[in-house]
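S.K.: Starting off with a structure, shown below.
What follows is calculated from the coordinates using simple rules that are stated; it is not laboratory data. Please read all numbers here as calculations on a predicted model, not as lab measurements. We place every Cβ from the backbone using ideal geometry, glycine too, and count neighbours over all the protein chains shown.
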Amino acid sequence: METVMQNKSGFTLIEFLVSIVILMVGMLGLLQVVNLAFSQSTQNQIRNVAVAVVDEEMAKEIAKGYENASTSTKAIPVQREVLTVMKNYSVVRTGSTLQNSKQINFEVRWRYKGSTYNHSASSVLTKNN
């Protein structure tokens with residue numbers, strides 16, 4: 001007569017619950033990484049748009065030429081779409097005039113998650129004799 005071994009070993013309810021808790025901790029860690037990656041991506045896209053805004057304003061001022069370029073201080077509110085949401089930027093133009101040149105400065109400011117960020121650009125225009 002042959003004896004058949006019966007394997008009655010398996011997971012108990014406690015072991016199963018412990019394994020579920022360990023998996024949940026791992027999944028929560030993974031979700032935090034995804035959340036951080038999304039936040040960094042959004043912040044980078046907002047900054048890229050801000051740089052484009054400054055470049056656009058600088059190009060407009062340079063296109064005016066030396067005689068028409070303004071060195072007065074002026075604040076320019078700008079709205080741009082970032083990730084299907086309109087984002088507000090504040091662009092400030094300043095400048096100074098030297099003998100045969102004008103320095104034009106632009107600074108753009110924006111807020112993201114309670115913090116204020118800025119980016120600036122400068123250019124020098126010279127008089128053609």
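S.K.: For Leu98 paired with Leu28, estimate the spin-label separation in nm (one decimal), with each label point 7 Å from Cα along the Cα-to-Cβ line.
M.R.: 5.9 nm
S.K.: Give me Met24, Met58 sorted ascending by neighbouring Cβ count inside 10 Å, so fewest comes first.
M.R.: Final ranking by Cβ density, sparse to dense: Met24, Met58.
S.K.: I would also like to ask the following. In what order do Val53, Val85 fall by count of nearby beta-carbon atoms within 10 Å, going from fewest to most?
M.R.: Val85, Val53
S.K.: Quick one: what does P(r) look like for the chain with 10 Å bins over all Cα pairs, in whole %?
M.R.: In whole percents, the pair-distance histogram is 10, 26, 18, 13, 9, 7, 6, 5, 3, 2, 1, 0.
S.K.: Please rank Leu125, Leu36, fewest neighbouring Cβ atoms within 10 Å first, as an exposure proxy.
M.R.: Exposure proxy ranking, most exposed first: Leu36, Leu125.
S.K.: Something else about it: In the Gaussian network model of the chain, springs joining C-alpha atoms below 10 Å, which of Ile62, Ile22, Ile76 carries the largest mean-square fluctuation?
M.R.: Result for the chain, Cα springs under 10 Å: Ile22 fluctuates most.
S.K.: Report the extension gain between Met86 and Asn128 in nm, rounded to one decimal, defined as 0.36 nm multiplied by the number of residues separating them, less their alpha carbon distance.
M.R.: Result for the pair: 11.0 nm of gain on full extension.
S.K.: Roughly speaking, what is the stretch gain from Thr73 to Lys60, that is 0.36 nm per residue apart minus the C-alpha to C-alpha distance, in nm to one decimal?
M.R.: 3.1 nm
S.K.: Just to confirm the number: angle between the C-alpha axis of helix 13-63 and the first principal axis of the chain, 0 to 90 degrees, nearest 10?
M.R.: Roughly 10 degrees between the two axes.
S.K.: Say we join alpha carbon atoms closer than 10 Å with springs in a Gaussian network model of the chain; which of Gln99, Gln32, Gln43 then has the biggest fluctuation?
M.R.: Looking only at Gln99, Gln32, Gln43, the largest GNM fluctuation is found for Gln99.
S.K.: Please check: in the Gaussian network model of the chain (C-alpha springs, under 10 Å), which one of Gly26, Gly95, Gly65 has the largest mean-square fluctuation.
M.R.: Gly26
S.K.: Would you please classify the overall shape of region 68-113 from the alpha carbon gyration tensor, given that a ≥ b ≥ c denote the square roots of the eigenvalues, rounded means a/c under 1.5, and beyond that prolate means a/b larger than b/c while oblate covers the rest?
M.R.: Note, shape of region 68-113 comes out prolate.
S.K.: How far apart, in nm, are the 7 Å Cα→Cβ label points at Ser9 and Tyr112?
M.R.: Simple spin-label model gives 5.4 nm for this pair.
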